[in-house]
Amino acid sequence: MLAKQSPLTKQMLSELLRASSSKPKQLKKIHAIVLRTGFSEKNSLLTQLLENLVVVGDMCYARQVFDEMHKPRIFLWNTLFKGYVKNQLPFESVLLYKKMRDLGVRPDEFTYPFVVKAISQLGVLPCGFALHAHVVKNGFECLGIVATELVMMYMKFGELSSAEFLFESMQVKDLVAWNAFIAVCVQTGNSAIALEYFNKMFADAVQFDSFTVVSMLSACGQLGSLEIGEEIYDRARKEEIDRNIIVENARLDMHLKCGSTEAARVLFDEMKQRNVVSWSTMIVGYAMNGDSGEALALFTMMQNQGLRPNYVTFLGVLSACSHAGLVNEGKRYFSLMVRSNDKNLEPRKEHYACMVDLLGRSGLLEEAYEFIKKMPVEPDTGIWGALLGACAVHRDMILGQKVADVLVETAPDIGSYHVLLSNIYAAAGKWDCVDKVRSKMRKLGTKKVAAYSSVEFDGKIHFFNRGDKSHPQSMVIYEKLDEILKKIRNMGYVPDTGSVFHDVEMEEKESSLSHHSEKLAIAFGLINGRAGHPIRVMKNLRTCDDCHVFSKFVSRLTSREIIMRDKNRFHHFRNGDKEWSKFVNMNSMFMSVIRCY
């Protein structure tokens, strides 16, 4: 009765909601009108209101509206799930799913993709197993969209075998499923698996698209597989799906992550269209490869052309300053970000890590420590790890111990921090302290990550571990390595036994050094690589000082360019005429670029 007397009609309120779809305050006022006029008795206006609130991200008010509804349809439950996932509120999603089950509301094929995403965000594997069981029980395991989300969830949890088994079990795999699986492989650092499945996709005659190509170029960048990446790009060009700035940016990024800066600059200069991602990719790429001058010059050129930098651009600029030791310039650029009114330029944890690295590399360890303590955001392991790395470089045991204590408390399962502290003690000859750190690692069950190196040849990625003899060419590789070691010793190479942090005899230290994975990969590259082509070696951990010196001598001996990328640095050696080892802390920067672009 009240609704009939009101001058406002349901149609008018619907139009008001449509016009105010992006204005949270207006939406709340309209909600009050809906309640006063009695139109809330039917859910149609509340449905529209709920959808708008989800879009603007006001999930607290959206839940209030949802709870007012009388027997909401499954579509509305799904709308709320979607909002929680979009706004990174996984715990609320799980509670909503529990309420749904308690009320006996049956989910549909659109419910589980959102709930699975929420469990992925929550990061609790047992919850993932339980939800998978519910999916099977309700008969949705065969649906492509649900199975794809489950596969992605298992990949994010590091359950590779479960993810692969589930993907292989899918009765129908469309392009969306292939793209999702390949993309999540790349995002979780399993690029070799992504490459394997791309080849399977190609063998199964599944037509790929630009999304596939972007993921694969990113995978090749992570693996340092420039030739494979260019082959994939050539396939894309034949299918005419290369005319896309996103693909062009991905190709540019791949070249830079493979250490091919000159070729990347040619591609950049030839691009018909460039956006902020193109410029940022190039600046970050120069910074990753240690070309600080080029990175800062390009940043100036970008500003002169009136292009507004984003937070990734500044990540590259700060890293360039860190490499070149430009402390004052780095502080100035960071200050620009702090003072900016643009929320997109607000410094993030990656920028703080760059500043700590800048100060740490310059030997300003105490200033870096004070900088962390005064940060307006909670420092994460990446930031403390940057300072611990600097303590290791400058052999500061006292501060190193302080920082390590923080890291062991916040991330006891990350073995690399224990190893860094152990190395600081070993470099000072404090073997009793080394034993204590290793004993603590054993107590905590912390394991050191196994080091490996990889090199590309003939469309395949070849992996090597220290002292590895599993490769088919193992005998020839070791013979080649012995031959090289004899020749470079005559040239003045002396093994840097300071890189071996064990209390053992000198001869044993030299033997240990000679079979490092980088050396095996370089020997393999010399045997199989084409003359005149660079040898690209990718290392999952930091390369030791001895392998750095070894590479310099091998480059001089063979007149071959060697490009080595480890966890923290790019090392470029060209023909032995000039050794230009480029280094920059890539721990946060490298992964940030992957996430953004």
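Among the residues of segment 436-482, the one identified as open to solvent by 70 Å² or more (accessible area, probe 1.4 Å), among the hydroxyl-bearing types (Ser, Thr, Tyr) and part of a strand (DSSP E or B) is Tyr452.
Evaluate segment 304-324: report whether one residue or more is exposed (fewer than 15 other Cβ atoms within 10 Å of the Cβ) and basic (Lys, Arg).
Residues of segment 304-324 that are exposed (fewer than 15 other Cβ atoms within 10 Å of the Cβ), as a first pass: 304-306, 308.
From what is left, the residues that are basic (Lys, Arg) are 308.
Looking through segment 304-324, at least one residue is exposed (fewer than 15 other Cβ atoms within 10 Å of the Cβ) and basic (Lys, Arg).
Here segment 411-435 is the region considered, the condition is being part of a loop (DSSP other than H, G, I, E, B) and among the charged types (D, E, K, R), and the residue that is least open to solvent (accessible area, probe 1.4 Å) is Lys430.
Within segment 369-410, being more than 21 Å from Gly325 (Cβ to Cβ) and not in a helix (DSSP H, G or I) holds for Lys374, Met375, Pro376, Val377, Glu378, Pro379, Asp380. As for segment 256-274, it holds no residue that is in a helix (DSSP H, G or I), more than 21 Å from Pro534 (Cβ to Cβ), in contact with a helix residue (DSSP H, G or I) (Cβ under 8 Å, 6 or more places away or on another chain) and of a type in the set (A, V, I, L, M, F, W, C). Answer yes or no as to whether Ile383 is surrounded by 19 or more Cβ atoms within 10 Å (Cβ to Cβ), at pLDDT 90 or above and of a type in the set (Val, Ile, Thr). The answer is yes for Ile383.
Being hydrophobic (A, V, I, L, M, F, W, C) and at pLDDT below 90: is that true of Cys142 here? The answer is yes for Cys142. When segment 473-515 is limited to residues that are of a type in the set (S, T, N, Q) and within 36 Å of the chain's Cα centre (by Cα), the one that is modelled with the lowest pLDDT turns out to be Ser499. If you go through segment 248-275 and keep only what is under 12 Å from Glu230 (Cβ atoms) and of a type outside the set (A, V, I, L, M), you end up with Arg251, His255, Cys258, Ser260. For Gly189, are the conditions met, namely being outside any helix (DSSP H, G or I), within 22 Å of Ile563 (Cα to Cα), modelled with pLDDT under 95 and open to solvent by 30 Å² or more (accessible area, probe 1.4 Å)? Yes: the conditions hold for Gly189. The number of residues in segment 406-459 being touching a Leu at 6+ places or on another chain (Cβ under 9 Å) and acidic (Asp, Glu) comes to 2.
Of the residues that sit in segment 268-295 and are over 24 Å from the mean Cα position of the chain (by Cα) and more than 19 Å from Ile563 (Cα to Cα), which one is surrounded by the most Cβ atoms within 10 Å (Cβ to Cβ)?
Looking at the filtered set, the residue picked out is Met271.
The values are calculated or read from the model by the stated rules, or taken from the named source; none is laboratory data. None of the values given here were measured: they were computed from a predicted structure. Quick reminder, even Gly has a Cβ in these numbers, built from the backbone with ideal geometry, and neighbours come from all protein chains shown. The protein model used for the area step is the full one, side chains on, heavy atoms only, and it has no ligands, DNA or RNA in it. Shrake-Rupley method; radii C 1.70, N 1.55, O 1.52, S 1.80 Å.
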